[in-house]
Amino acid sequence: MNQKQVEEECRKLVLARFRSLNPDSKLLLGKGKEMTVRELIGHVEKPDEFGKNVIKVQMRMLKVLTGV
Amino acid sequence: MAKRFLITRPKHDIITSYLHDFSSEIVRIAKETRDMHVTDLEGKMANRGNLNACLAKEHPGLVFLNGHGDRMRVAGHNNEIILDTTNINLSKGKIIYALSCDSLEGLGPIAVEQGAKAYIGYGARFMFVHDPTRVGSPRKDKNALPFRRACAKLINSLVFGLPVSQALDLTKEEYMHSIRSYGTSEDDPYGDAPLIRFALAWNLEFLSMHGDPAASFS
């Protein structure tokens, strides 16, 4: 599997995890803004720069959870 | 000679109310600590004029800024910009910890260039998850608890003189501990745990510093 395929598999995994959540659950961000899970999924689907960071952070979180 | 600790903690919207609450315990402890002088710019006192005056006249060794921000600015009460490139020179000789969004990557290096010992903050948006039914009482909000713990770990470590690098390491350990341990049925009645773990991991990823890792509050 090449790097691009690995990245696509990571993106699919992150999407699957977020799609299992309540789409209306919210993160609080700076400047009084909120972001719903639905909006997070939109960033990952594209993925834009924010979405790429979301994927990176989710993969790191899985490593923390699994002790890798 | 007393160590001088300066904190700004506006409280004009939901996010700043939570940050205000996160910092309440360290303010209480610091005020009770011998040989420590605390300047608490709380609520509407968290304005640019007061910050400039305190930085220039009191020469605090540690400055803890809570509020909204972006790459080049940190805000106070009603989002007044209280620290930016035009007064960052006042950070000379000080350790700055900005609990706000984004400012680490823009303002952080400039602060260090201008003589700050260290600048600690987040290189992206600071995130947390709250329970909307607890907005009026953030202290009782279980969703916010792991974020409160991580923020407390960092400022407590700094206030009590640990080197910046060690304070960051302890805080990152706290974030990782919460990521691993959060989410039992007891503390997650609404199924928010996966989103909370994501926000914790986000903050873990983007918390960092510029300047001298060995700097400590003195």
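Take segment A:26-39 and flag every residue that is more than 8 Å from every other protein chain (Cβ to nearest Cβ) and not in a loop (DSSP other than H, G, I, E, B). Break it down into steps so the answer makes sense when it comes.
Kept after step one, since they are more than 8 Å from every other protein chain (Cβ to nearest Cβ), are these residues of segment A:26-39: A:33-36, A:38-39.
Selection gives A:Glu34, A:Met35, A:Thr36, A:Arg38, A:Glu39.
For segment B:167-197, taking the residues that are closer than 17 Å to A:Gly67 by Cα, touching a residue at least 24 places away in the same chain (Cβ under 8 Å) and at the interface with another protein chain (Cβ under 9 Å from one of its Cβ atoms), the one that is surrounded by the fewest Cβ atoms within 10 Å (Cβ to Cβ) is identified as B:Met176. Criterion first (among the aromatic types (Phe, Trp, Tyr), under 24 Å from B:Phe147 (Cβ atoms), within 14 Å of chain A (Cβ to nearest Cβ) and under 15 Å from the mean Cα position of the chain (by Cα)) does B:Tyr97 satisfy it? So B:Tyr97 fails the test.
Table: residues versus (1) touching a Ser or Thr at 6+ places or on another chain (Cβ under 7 Å); (2) crowded, with 20+ Cβ neighbours inside 10 Å; (3) within 14 Å of chain A (Cβ to nearest Cβ); (4) in a strand (DSSP E or B).
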| site | (1), (2), (3), (4) |
| --- | --- |
| B:Thr8 | no, yes, no, yes |
| B:Arg28 | no, no, no, no |
| B:His37 | no, no, no, yes |
| B:Ala56 | no, no, no, no |
| B:Leu65 | yes, yes, yes, yes |
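Do we find that B:Ser103 is more than 19 Å from A:Met35 (Cβ to Cβ) and within 13 Å of chain A (Cβ to nearest Cβ) in this structure? When the stated conditions are applied, B:Ser103 passes them.
Yes/no matrix, rows are residues, columns are (1) touching a strand residue (DSSP E or B) at 6+ places or on another chain (Cβ under 8 Å); (2) surrounded by 17 or more Cβ atoms within 10 Å (Cβ to Cβ); (3) outside any helix (DSSP H, G or I):
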residue	(1), (2), (3)
A:Glu8	no, no, no
A:Arg11	no, yes, no
A:Val14	no, yes, no
A:Phe18	no, yes, no
A:Asp24	yes, no, yes
A:Gly42	no, no, no
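Tallying residues that are more than 8 Å from chain B (Cβ to nearest Cβ) and modelled with pLDDT of 95 or more within segment A:55-68 yields 1. Consider A:Lys46 carefully, then state whether it is within 10 Å of another protein chain (Cβ to nearest Cβ) and more than 22 Å from B:Gly191 (Cβ to Cβ). Spelling it out, it is not the case that A:Lys46 is within 10 Å of another protein chain (Cβ to nearest Cβ) and more than 22 Å from B:Gly191 (Cβ to Cβ).
Residues in segment A:44-67 that are part of a loop (DSSP other than H, G, I, E, B) and either in contact with a Ser or Thr (Cβ under 6 Å, 6 or more places away or on another chain) or of a type in the set (A, V, I, L, M, F, W, C) (or both): 0 in all.
The values are calculated or read from the model by the stated rules, or taken from the named source; none is laboratory data. Computed from a prediction, not measured in an experiment: that's the story for all the values here. All Cβ positions, even for glycine, are placed from backbone atoms using ideal geometry, and neighbour counts span all protein chains on display.
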